[in-house]
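Chemist: First the structure, which I've put down as structure tokens, then a few questions once you've had a look.
The values are calculated or read from the model by the stated rules, or taken from the named source; none is laboratory data. Because the structure is a prediction, the values reported are computed rather than measured. Ideal geometry is used to build each Cβ from the backbone, glycine not excepted, and the neighbour counts take in all protein chains shown.
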Amino acid sequence: MSSITLVGAPHTHGNVTVVRTMGLVMLALLPATAHGVYLFGWPALNTLLLTVLSAVLAEAACLRLAGKPVAVYLADGSALLCGWLLALTLPPWAPWWLSVLAGGIAIVIGKQVFGGLGQNLFNPAMVARVVLLVSCPVLMTTFVAPLPLGSAGAPDFLAGLAITFGDGMPHFDGHTGATLLGHLKTELGRDLGVVEALAVGPGVGDWLLGQRGGSLGETPVLLLLLGGLLLIHWRIIDWTIPTAMLGTLALLAGAFNLMDPARHAGALYHLCTGGAMLGAFFIATDPVTSPVSRAGKLLFGAGCGLLVYVIRTFGNYPEGVAFAVLLMNAATPLIDHYLRPRVYGRSRRGKPLDYPGAVRQGESS
């Protein structure tokens, strides 16, 4: 029987912690969030705060019921980020109960039921969004037009409280309506051409700057793109999922637009509207619910892009990012099973690198 001496390897430790990761993601979200609050005013800030607060309180309640140290687990920032991301997908003038319900569903059903951080199968924020979208479709798909803080007609602080805790948007019917994707879906249902539908909407510049109706944090495309690039630069996320998702969406939109430009919008339209940019960089890249290997991530992102386009174009809902992410989350275990990363010290066929006939580093294959 041979004697084996264990020696500590010269491993390199990176400064990667859950707290640091959550903090950098929130920092990347800050420009788009601030712009969304500016565009939609005090009610949007109320929606953000209520959703985040309800998520944190729901996390604390679940931790106490499970007998876990509340302060320790809350300090990782995961509940805060979950509520933040969820708020960005809600209507900016949402009533208070919708924000509170959203935060509770995301944490209790989407996260803690599975065991907490790192054990959930589905993205918690998208679980809550889909539940509310199915339960309250009219409320979740009716948005206010941008009314920047301090502009004529924009509600002040007290009016914002009245909108959030009162009857909400019905007093502002002249400023509410469907998003561009919803409008396009309606026009397509009436067999009108896409060109005619787009003629009544804003231009590309307005799409990029967020000057349109939509969810609280989905409209400022350029700021979301900036935040996503920062996450890639900080190595918080990998480039594979956003590139595959947005590339597949653009490729399909461009192909269908070439075949029938009177009925199918182009690639730029699909990339700049809805939650494509937010979903690609901040939601689909969730490390817990996405594949591990690079090939798996590319397949996952491509699947998200394909499903988003199919739902937007042929489905009943104008937006498909949440549904696409959840469906691909369900496929993640299968993807990881067949597209496993190569184990360090083994060949791609799974054999040890020191077996007879193995190709060693520096040798030709």
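Chemist: In this structure, is Pro69 modelled with pLDDT under 95, within 30 Å of Ala154 (Cα to Cα) and not aliphatic (A, V, I, L, M)? Explain how you work it out, then say what you get.
Modeler: Numbers: modelled with pLDDT under 95: yes; within 30 Å of Ala154 (Cα to Cα): no; not aliphatic (A, V, I, L, M): yes.
Here the answer is no, as Pro69 does not meet what is asked.
Chemist: Quick check on Pro287: is it surrounded by fewer than 17 Cβ atoms within 10 Å (Cβ to Cβ), at pLDDT below 95 and not polar (S, T, N, Q)? Talk me through it step by step, then tell me what you get.
Modeler: Numbers: surrounded by fewer than 17 Cβ atoms within 10 Å (Cβ to Cβ): yes; at pLDDT below 95: yes; not polar (S, T, N, Q): yes.
Answer is yes for this residue.
Chemist: Tell me, please, whether a residue that is buried (at least 19 other Cβ atoms within 10 Å of the Cβ), in contact with an Asp or Glu (Cβ under 8 Å, 6 or more places away or on another chain) and either among the acidic types (Asp, Glu) or part of a helix (DSSP H, G or I) (or both) can be found in segment 262-283.
Modeler: yes
Chemist: Looking at (1) within 24 Å of Thr33 (Cβ to Cβ); (2) among the aromatic types (Phe, Trp, Tyr); (3) part of a loop (DSSP other than H, G, I, E, B), which is the only condition Tyr317 fails?
Modeler: (1)
Chemist: Could you give me the residue pairs with C-beta distances under 9 Å whose first residue belongs to segment 244-257 and is within 12 Å of Leu307 (Cβ to Cβ) and without any contact (Cβ under 8 Å) to a residue 60 or more places away in the chain, whose second residue is buried (at least 22 other Cβ atoms within 10 Å of the Cβ) and small (Gly, Ala, Ser) wherever it lies, and which are 6+ apart or on separate chains?
Modeler: Leu252/Gly305
Chemist: Here is a further query. Just to be sure, is Ala145 touching a Lys or Arg at 6+ places or on another chain (Cβ under 9 Å), surrounded by 15 or more Cβ atoms within 10 Å (Cβ to Cβ), at pLDDT below 90 and not acidic (Asp, Glu)? Please lay out each step first, then the result.
Modeler: On the way: touching a Lys or Arg at 6+ places or on another chain (Cβ under 9 Å): yes; surrounded by 15 or more Cβ atoms within 10 Å (Cβ to Cβ): yes; at pLDDT below 90: yes; not acidic (Asp, Glu): yes.
Answer is yes for this residue.
Chemist: Quick check on segment 332-365: of everything there that is hydrophobic (A, V, I, L, M, F, W, C) and touching a helix residue (DSSP H, G or I) at 6+ places or on another chain (Cβ under 7 Å), which residue is modelled with the highest pLDDT? First the steps, then the outcome.
Modeler: To start, the set of residues in segment 332-365 that are hydrophobic (A, V, I, L, M, F, W, C) comprises 334-335, 339, 343, 353, 358-359.
With touching a helix residue (DSSP H, G or I) at 6+ places or on another chain (Cβ under 7 Å) added as a condition, the list becomes 335, 339.
On the way: Ile335: 96, Leu339: 90.
Step by step, filter segment 332-365, then rank; the result is Ile335.
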